[in-house]
Structure formats: structure tokens, C-alpha cells
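Okay, so here's the structure we're looking at.
The values are calculated or read from the model by the stated rules, or taken from the named source; none is laboratory data. Small disclaimer: the values here were computed from a predicted structure and weren't measured. For neighbour counting, all protein chains shown are included, and Cβ atoms are generated from backbone atoms with ideal geometry for every residue, glycine included. Surface accessibility is based on the protein's heavy atoms, side chains included, excluding ligands, DNA and RNA. Shrake-Rupley method; radii C 1.70, N 1.55, O 1.52, S 1.80 Å.
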Amino acid sequence: MDTLAMDTIESIGYPVFFEDSLTELARFIERGKYTRFFVLTDDQTGEYCLPVLQPYLGENAQYDLIEVPSGEQNKTIDFCIGIWQMLIDFGADRNSLLINLGGGVITDMGGFAASTYKRGIDFVHVPTTLLSQVDASVGGKTGIDLSSVKNIVGTFAQPQAVFMDHRFLTSLPPRQILSGLAEMLKHGLICDAEYWNELKISDLTKPSAGLVYQSVAIKNQIVLEDPKEKGIRKALNFGHTIGHAVEAYSLEHDGAKHLTHGEAIAIGMICESWLSFKKNGLSEQELNEIVAVLTNLYPQHEIKSSCHADLLQLMQKDKKNNGTQINCTLLNKIGECSIDHICTEEELSDSLHYYASLY
Ligand SMILES: NC(=O)c1ccc[n+]([C@@H]2O[C@H](COP(=O)([O-])OP(=O)(O)OC[C@H]3O[C@@H](n4cnc5c(N)ncnc54)[C@H](O)[C@@H]3O)[C@@H](O)[C@H]2O)c1
Ligand SMILES: [Zn+2]
């Protein structure tokens, strides 16, 4: 795969550039469509990624920098107000462009801020984490968290373009690589057994640009079929019904030691694979294969039985559900899944017990 050309991927009306992508960004800026440029970073991407991006913004590029503190706990309306306020203070007009340079927190919150400022200004993403490259880069979901509920306020809004550069991953801590990897493994599990098999034999501590490309291509294919998540796009929720609840709970209770998105999704995928085995015909052999890969990569996280009630409540609040029923996407087999499986509280709780019994 690495020897193949990584052609530009066409997403919902916008390109995702891979080869020489920052040169493409420079060309995009030179076209002269915009009066003002703003770069949104967090403190980490300001330090590690802005120096990589800067040469491509043009020698005399006039841009204003908006920086927020890093971390999911800051993906809030308060920081969003801060972004809107800075856009106002800097005099951003309707012909301004917001360049979101960062991980999923920056691309989600920046996309949300841009899609609502003056009823919407243009924005582009330069995703700098593996997770934001393989997942947040396509699909047009923007948003912020509120009262521990993830992404509960947001919009569907497409960027003008996405610029993907593998160099950003070199400064990324190993835990953040693992975080993105969970989504790549998910892409294989839900719809591409061959890709799953390729991942299994790869050095997953340093996923190649080719593997990243394939993952984006898989997600993009699903998103194009169902842009507003009415049907098949729910396949991407595999691992997320339980994973999102575990993530939200950890954010609230584990302080600085909270789980990353991907770590929580890995737990969710183990639990939902077990539910797939119990309810949806996934073979025991494939369940064991999935569990072996995931437990080998991700360290154990303690989930006490006393937390189950809170986790179930978080699952119920999740916007993925209709009413109070809790829905999961389950695997039929590796590389194939089906959506909208209603799971009872008992089944969900049992799946968390299964997880706890593994390590
Ligand atoms: N819109 C979507 O479709 C979508 C999909 C998946 C996830 N998300 C969202 O993305 C968020 C998680 O994304 P994330 O894991 O990228 O989190 P993140 O943006 O918080 O980034 C993780 C950490 O890595 C740092 N970082 C980023 N790039 C770096 C680099 N190149 N070198 C060194 N450090 C770097 C960040 O400062 C941060 O501390 C969640 O809020 C999730 O809801 C959105
Ligand atoms: Zn995810």
C-alpha cells in the first residue's frame, strides 16, 4: 500500500489532500478568496505543529493566532465563546478563513465556532493527531461537550478542504497514537477484514501513511453513503455506545489520568464484540481474536461494578439513542456489522463484567 499513490480523496464536496498536502494549502491560500486568515491551535499544536505549517502560509502571510489550552475538558462553550470573541476582536468578516491546526478537539470546536460565527465562515482542517486524521477529518461533524455529554451541541458543517501530513505524527506521544489506532482497527472490524488482517501484522506503534490513507478512505466511503447518519453511517458507532460513556465517566472522575478517546473506544469495542458474540452471531473464535489484539495493545482500565449505573445513565443520554432505548452497532463477523441493536441494561452491564474479567 505504501508504494501506491495516495490520491486525493473526495469527501462531501471537499478534497482531503495527502501528497504534498501543505503545498496544496499554500496554493489554496494563494487563490486569494479570503480577506483574513486565522489559525486555531492549542498550546501543544502551537508548539509542535505551527512551526511545520508556518512556511506554507506564505512569507508575508498575515494571520492571527487563536490559541486555547489543550484537552477534551476545554471543548466547551466557554472556550468557544473565547474563539468567537477573538474573531470579533480581530475583526473577522464573512470572507475570513479559519485554519484548524490540531487534534479532534481543535477540529471539532474550531469547525463549530466557524460554522456558527456570522452564520458560518469557511474553515479548513489540518489534523495533527492520528485520531483526527483517520476519523475527525471526514464526516463534517463539529461540536462541543456539555455537562459531561460528549458532542451534544454541534453542527454538520463541511470544511473547504483537509490537509493531511504524516510529519505531524512524529511529535505525537505513544498514547495518542494508540488513541487513533482504535478507530483504524474499528474501520477494519466493521467493513474491511483484509484491512484488519493487514493491521494485525503491522508495526502499530508507528502506523504507516498508507494505513492512515486506507482508514480515511474506508470512513469516507461510509460517510458518502449516509452523510446525515440516518442509516449505514451508524456502523461507525461500533464501540462507541459503551466507549463514549466510559470516556465521559473517566473525564469526570479520573482527573489528569483520564482515558483518551481511543482507549475508551477500545474498551467499548471489547464489550460490544462480546455483545456481538452473545446476540449477533459473531463466532467465539473471532471474538477471541479481536480481544487478543485489543488487550495486547491497550492496558487494563478498572471499571467497578458500582460505576455501571452511572455508565448506563450516560449511555441513555447519548444522542445516538432514540428515547431511552440503548442502541449498539454489532459485528456479524470481522469485516461486517449491522446497526440498531437494542441492548438491555443487563446485557450492557454483563459486557462490562466480561471486560473486567479479561486482564
Ligand atoms: N468530528 C468527528 O467526526 C470526530 C471523530 C472522532 C473524534 N472526534 C473528537 O476528537 C476529539 C479527540 O481528538 P484527539 O484525540 O485528536 O484529541 P486532542 O485534540 O485533545 O489531541 C490530543 C492531545 O495531543 C496534542 N497534540 C495534537 N497534535 C499533536 C502533535 N502533532 N504533536 C504533539 N501533540 C499533539 C493535543 O494538544 C492534545 O493534548 C474528541 O473530542 C472527539 O469527540 C471527532
Ligand atoms: Zn470515535
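Some notes on this structure:
- Considering only Gly82, Gln176, Ile121, the residue lying farthest towards the positive end of the dipole of the chain is Ile121, judged by Cα position with unit charges set on Cβ.
- Taking only the C-alpha atoms of region 207-286, the Rg (one decimal) and the largest Cα-Cα distance, Dmax (whole number), read 14.9, 39 Å.
- Loop exposure criterion: GluC sites (Glu not before Pro), DSSP state outside H, G, I, E and B, at most 11 other Cβ atoms within 10 Å. Applied to the chain, the longest stretch between such sites is 60-301.
- Per residue, the convex hull spanned by the alpha carbons of region 92-222 comes to 114 Å³.
- Simple point charges give the picture: +1 on the Cβ of Lys and Arg, -1 on the Cβ of Asp and Glu, and for region 9-171 a dipole about the Cα centre of about 520 debye.
- Magnitude of the charge dipole for the chain, about its Cα centre and with charges confined to Cβ atoms of Lys, Arg (+1) and Asp, Glu (-1), is about 700 debye.
- Rolling a 1.4 Å probe over the protein heavy atoms gives the chain an accessible area of 42 Å² per residue.
- 12 Å beta-carbon shell around Lys200, net charge (K/R +1, D/E -1): -4
- Residues considered: Phe90, Phe168, Phe37. Largest GNM mean-square fluctuation over the chain, using C-alpha springs under 10 Å, is found at Phe90.
- Volume in Å³ per residue [convex hull over Cα atoms, computed for region 178-356]: 110
- Choice from Thr76, Thr205, Thr107 with maximal GNM fluctuation in the chain (Cα, 10 Å cutoff): Thr205
- Charges were assigned to the Cβ only: +1 to each Lys and Arg, -1 to each Asp and Glu. The resulting dipole of region 171-230 about its Cα centre is roughly 220 debye.
- Set the Cα radius of gyration of region 9-171 against 2.2 N^0.38 Å, with N its number of residues, and you get 0.93.
- Apportionment of accessible area to carbon and sulfur, the chain, percent (1.4 Å): 50
- C-alpha long axis of helix 261-279 to longest principal axis of the chain, angle in °: 30
- Helix 174-191 axis versus longest C-alpha principal axis of the chain: approximately 70°, rounded to the nearest ten.
- Volume per residue for region 64-151 equals 89 cubic angstrom (convex hull of Cα atoms).
- Of the residues Arg233, Arg119, Arg94, ranked by 1.4 Å probe accessible area with the largest first, the sequence reads Arg119, Arg94, Arg233.
- On the beta carbon distance between Glu345 and Leu224, with R0 = 41 Å, the FRET formula returns roughly 0.70.
- Relative to the longest principal axis of the Cα atoms of the chain, helix 209-225 runs at roughly 80 degrees.
- Within the chain, all pairs of alpha-carbon atoms sorted by distance into 20 Å bins from zero give the percentages 31, 58, 11, 0.
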